[in-house]
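First the structure, in the form of structure tokens, and then the observations on it.
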Amino acid sequence: MGKKKKPKPRKTFIEGMDSYCDEYKYWKKRTDIIKRLVGIFEVSEEVFGLELKKLVVAVGLDGYQPLFYNAEHDNTIRSDGPISGTGCAVALRNVYGNVVPAVFVREGVASVGEADEQPGETHPQFADSIRLLVLFHELGHADDISKGLNYDHDKLIIDLAAAEAYAHDFVCRQCMKNSYPLLMSQYLENVERMAKSTVDAERVGAERFLQSGDSDRFREWLKERQSKEGFERFLRQSGRVDEIQRRNS
Ligand SMILES: [Zn+2]
């Protein structure tokens, strides 16, 4: 896919001051964070709705064969929860016979509607954070595909519960690494909702993740980072204390 330019380094992100729109644009270019990732493709709703073989061709990946996996639960590729319903990660076999991941994100992702919302009601600030969460979630699956952890590329079997738990974990790890506490709490809320779902494919992964010790670790980080002391420590470390003072005066 040509030579990749190294993305510019960023200032440390501060929620409420910096825009998730910029963060999303930044991470969309970071195809380098997953080994052998063919690309991150943002496609129109129409293209996103195509069957997988046609979707792959539509973004110019002729010569790549999409792989289809069997799971212990019904694994319809676009039915795994409100966040994943707007993106997908697929495994492709390239001309050399290697299995490589690709990520697709649907353009114009709006906020996940709350029950009391009117249809079509959107919140731009939430839309940006949801787009980023969708991207991280699918990059988590791409990482899994690349490492062949919960996807068996020979038997074409996926351990769906483990794969979803892995993607949830990946999102939270990214939020922690890049200091996106609000984004993480938004995601954890979503996972808790999924854990109550009647759709097996959605529920089992969420349950597995929430029962893991890792989700406790993320909550502890969240608590620390959202405390007054934790936030001040973060500001000092990121060298943006002056900026905060200027905006507050
Ligand atoms: Zn998923």
**Message:** Given R₀ = 25 Å, what would the calculated FRET efficiency be for Val59 paired with Met17, taking r from the Cβ atoms and rounding to 0.05?
**Reply:** 0.15
**Asked** Residues with amide H under 5 Å of Glu42's amide H, sequence separation 5 or more or different chain, H placed in the peptide plane at 1.01 Å from N; which?
**Response** Val105
**Request:** Estimate the FRET efficiency between Arg246 and Arg217 by the formula 1/(1 + (r/R0)^6), using the beta-carbon distance for r and 35 Å for R0, to the nearest 0.05.
**Result:** 0.50
**Asked** What is the spin-label model distance, in nm, from Asn70 to Gln226 if the labels are put 7 Å beyond Cα along the C-beta direction?
**Response** 4.3
**Request:** Hey, can you grab everything whose amide H is under 5 Å from the amide H of Ala71? Only 5+ residues off in sequence or another chain; H modelled, so Pro and N-termini drop out.
**Result:** Ile158
**Item:** Rounded FRET efficiency, nearest 0.05, which uses the C-beta distance separating Phe126 from Ser44 and R0 of 22 Å
**Value:** 0.55
**Message:** Whole angstrom only: what separates the Cα centroid of the range 145-207 from the Cα centroid of the range 27-56?
**Reply:** 19
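FYI, it's all coordinate maths here, none of it is from the lab. Just so we're clear, the structure is a prediction, and the values are computed from it rather than from any experiment. Reconstructed Cβ throughout: ideal geometry from the backbone, glycine too, with neighbour counts over all protein chains shown.
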